[in-house]
């Protein structure tokens, strides 16, 4: 398999190349965004896989509370604790010292008040994260502003927010009607104004994701949101076809024909960077 450039002009796909790359920073991510380079993100939960993803040129590693489902076997992300998140953040940060590591604030660790959110975010940053992610809009901008004011970079998350799965009535596409779309657009603007540098858009129609990517002043990362966001993220276990239970329809099995995990991750990075993934015609993102 041929290798393609990532993280600027440095090649990826080898220990020597990984060792020679400069550490990813928020400034570099913003420069990539401004230059129109797509951002490749995958979840990571342990040191060994994190090292491989860094070696393959993945720009950002998300230590997601999805570990509750793919690592722990839970039916949702809700049981994951802050202590568990901190443990996995430390593992990933040690395995991939040159990657941009962001970590989910788990359910119950930031909903009480701003002070709780600051304490929880500080715990993840001390464990090795460089950015924290929180879900939802409406009530979250003051939390985002408080974290940013204290020097903690924030990634917001709109659309399908797994921590609110019971309130949303399941894992459904969000923003399909006019009112829902207006709400998401307003929330994206508010989160951007509060200082969020990145925004994950999950399970929203492609046209709406494109609008949100214009309204939000920072980087948008899509998952089941079409091809017109500034980058893409998948759950590692999903794209390797080793997840528990059925996969969402927007997931491509990158292991198919790859022969190895390394080849599958290289293909993912290549296809995100080139725009070949996601394929809206194949997966019906405009639905």
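Quick rundown of the values:
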item: Antiparallel bridges, percent of DSSP beta bridges restricted to the chain (to nearest 5); result: 5 percent
item: Segment 144-235 - Rg (one decimal) and Dmax (whole number), Cα, Å; result: 12.6, 37
item: Kirkwood-type radius of the chain, with distances r between different C-alpha atoms, in Å; result: 18.6 Å
item: Length gained when the stretch residue 179-residue 193 is fully extended (0.36 nm per residue, less Cα-Cα span); result: 2.9 nm
item: Ellipticity estimate at 222 nm from DSSP helix runs (n ≥ 4, -39,500 (n - 2.57)) divided over the chain, nearest 500; result: -12000 deg cm²/dmol
item: Ratio of Rg to Rh over segment 31-79 (Cα coordinates, Kirkwood Rh, two decimals); result: 1.11
item: Förster-model FRET efficiency, 45 Å R0, residue 22 and residue 119, C-beta, rounded to 0.05; result: 0.90
item: Ascending count of other beta-carbon atoms within 10 Å, so fewest first, for 274, 164, 99; result: 274, 164, 99
item: Residue 280/residue 81 FRET efficiency (R0 41 Å; Cβ-Cβ; nearest 0.05); result: 0.65
item: Label point at residue 244 placed 7 Å out along Cα→Cβ; residues across segment 64-96 whose backbone nitrogen lies under 14 Å; result: 66-80
item: 10 Å binning of all Cα-Cα separations within segment 47-101, expressed as whole percents from 0 upward; result: 26, 49, 24, 1
item: Cα Rg, Dmax (largest Cα-Cα span) when computed across segment 56-190, Å; result: 15.0, 45
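Every number here is computed from the coordinates shown, using simple stated rules; none is lab data. Treat the numbers as computed from the prediction; the structure is a model and nothing was measured. Because the Cβ atoms are built from the backbone with ideal geometry, glycine has one as well, and the counts that use them run over all protein chains shown.
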